[in-house]
Amino acid sequence: MNPVIHFEMPYEDRERMAAFYRSAFGWQTQMLGPEMGNYVLATTTETETGDRGPTQPGAINGGFYGKHPDWPAQHPSVVIGVDDIRAAMEKVSASGGQVLGEPMEIPGVGHYVSFMDPEGNRVSMLQPLPRG
């Protein structure tokens, strides 16, 4: 079984978005630079040192990405952890989903690709790098 390991939501104004979630929910945000697509990491729960993930079972952290006029289905979505992204892409396609492009490498994190499920939901998959 592949678990949900991350959530993602789009933003139009990253400073406004980060300030809102810090103020309303006490989340910590980390603004990444242009080399990482100006992504914003959101820590929503107590996390182990060395970025080894949440300490509470079932809890997840997430992130925010800037909206792009040419990207499909920019809505809140979840990221599913997989052991083998290529095999998971084949399963998604065989099960009636549509993979959106090729996996991209996220330095220090793993390989990531989005897909549309048969209901029109944009979802993503991540094959994380092995934790050491």
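General observations
- Looking across region 5-20 at every residue that is crowded, with 17+ Cβ neighbours inside 10 Å and aromatic (Phe, Trp, Tyr), the one that is modelled with the lowest pLDDT is identified as 7.
- The residues of region 54-70 that are surrounded by 15 or more Cβ atoms within 10 Å (Cβ to Cβ), hydrophobic (A, V, I, L, M, F, W, C) and out of contact with any helix residue (DSSP H, G or I) (no Cβ under 9 Å at 6 or more places or on another chain) amount to a single one, 60.
- Residue check for residue 110: on the phi > 0 side of the Ramachandran plot and either out of contact with any strand residue (DSSP E or B) (no Cβ under 7 Å at 6 or more places or on another chain) or surrounded by fewer than 16 Cβ atoms within 10 Å (Cβ to Cβ) (or both): no
- When 87, 24 are checked against the criterion of being at pLDDT 90 or above and of a type outside the set (Ser, Thr, Tyr), 87 stands alone in meeting it.
- Residue list for region 29-54, filter: assigned to a loop (DSSP other than H, G, I, E, B) and either under 16 Å from residue 109 (Cα atoms) or of a type in the set (Asp, Glu) (or both): 32, 33, 37, 38, 39, 46, 48, 49, 50, 51, 52, 53
- For region 76-100, the set of residues classified as within 16 Å of the chain's Cα centre (by Cα) and exposed (fewer than 11 other Cβ atoms within 10 Å of the Cβ) consists of 83 only.
- Criterion (touching a Phe, Trp or Tyr at 6+ places or on another chain (Cβ under 6 Å) and at negative phi) met by exactly one of 82, 40, 4: 40
- Hits in region 10-28 - residues which are free of Cβ contacts under 8 Å to residues at least 12 places away in the same chain and assigned to a loop (DSSP other than H, G, I, E, B): 13, 26
- Any strands (runs of 3 or more DSSP E) falling wholly within region 62-132 and containing at least 1 residues that are farther than 30 Å from residue 47 by Cα and not aliphatic (A, V, I, L, M): 98-106
- Boolean, residue 73 is more than 12 Å from the chain's Cα centre (by Cα), surrounded by 13 or more Cβ atoms within 10 Å (Cβ to Cβ) and either modelled with pLDDT under 90 or not aliphatic (A, V, I, L, M) (or both): yes
The values are calculated or read from the model by the stated rules, or taken from the named source; none is laboratory data. Just so it is clear, the structure is predicted and the values come from calculations on it, not from any experiment. Note that each Cβ is placed from the backbone with ideal geometry, even for glycine, and that neighbours are counted across all protein chains shown.
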